[in-house]
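Presented below is the structure to which this report refers.
The values are calculated or read from the model by the stated rules, or taken from the named source; none is laboratory data. None of these values were measured; they are calculated from a predicted model. Here the Cβ positions follow ideal geometry from the backbone for every residue, glycine too, while neighbour counts run over all protein chains shown. Side chains included, ligands, DNA and RNA excluded: accessible areas come from the protein's heavy atoms. Shrake-Rupley method; radii C 1.70, N 1.55, O 1.52, S 1.80 Å.
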Amino acid sequence: MVQAAACDDQTAFAIQQLLVAWCAIAPADRTTREPGEPGVRLLCFLDLRRAPDA
């Protein structure tokens with residue numbers, strides 16, 4: 001499991017795309033925001049034991 005913190009949704013999903021290139025992931029479709037804190041968080045699950053589908 002990886003939780004990425006970013007300044008906005010676009011940056012968070014760009015991080016997710018980088019992970020797709022390295023391993024198989026269950027991608028997230030939305031980000032979360034903590035009230036009173038800047039930025040967003042994105043949680044996705046990865047499997048480092050297998051290569052992503054081509």
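A simple spin-label model places the labels of L18 and M1 2.2 nm from each other, with each point 7 Å out along Cα-to-Cβ. Think of each Lys and Arg Cβ as +1 and each Asp and Glu Cβ as -1; about the Cα centre, that makes the dipole of the chain roughly 160 debye. The distance between label points at Q10 and R33 comes to 1.6 nm (points 7 Å beyond Cα on the Cα→Cβ vector). Note on the chain: Cα convex hull, mean projected area over all directions, 3.6 nm². Against the chain, whose longest principal axis is taken from its Cα atoms, helix 9-22 shows a tilt of about 20°. Carbon-plus-sulfur accessible fraction, the chain (probe radius 1.4 Å, protein heavy atoms only): 56%.
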